[in-house]
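The values are calculated or read from the model by the stated rules, or taken from the named source; none is laboratory data. From a predicted model like this one, the values you see are computed outputs, not experimental measurements. Reconstructed Cβ throughout: ideal geometry from the backbone, glycine too, with neighbour counts over all protein chains shown.
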């Protein structure tokens, strides 16, 4: 019997950027339940490698470095997409 929690290969959710260090390129994004996930600037989908704290985003989680899950895609929520529809 396994004691590890099953986790899907990828999962999407809407969250908010809770921290971002532009010099290091590292940040975190929080889920509504308070869970925080790390990301690297290369995961920002618009290619800017910069994002402001407090920005609402769509996040795709996936396996990262060191066997931990991380935000693999961080997409700012645009007014055209709206908060209830993930990016295509």
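Within the range 52-80, being within 8 Å of the chain's Cα centre (by Cα) and part of a loop (DSSP other than H, G, I, E, B) holds for no residue. When the residues of the range 4-44 are filtered to those that are surrounded by 14 or more Cβ atoms within 10 Å (Cβ to Cβ) and assigned to a loop (DSSP other than H, G, I, E, B), the one that is modelled with the highest pLDDT is 25. Residues of the range 45-61 that are exposed (fewer than 11 other Cβ atoms within 10 Å of the Cβ) and at positive phi: 47, 54. Being out of contact with any helix residue (DSSP H, G or I) (no Cβ under 9 Å at 6 or more places or on another chain), modelled with pLDDT under 95 and surrounded by 13 or more Cβ atoms within 10 Å (Cβ to Cβ) is a property that residue 83 lacks.
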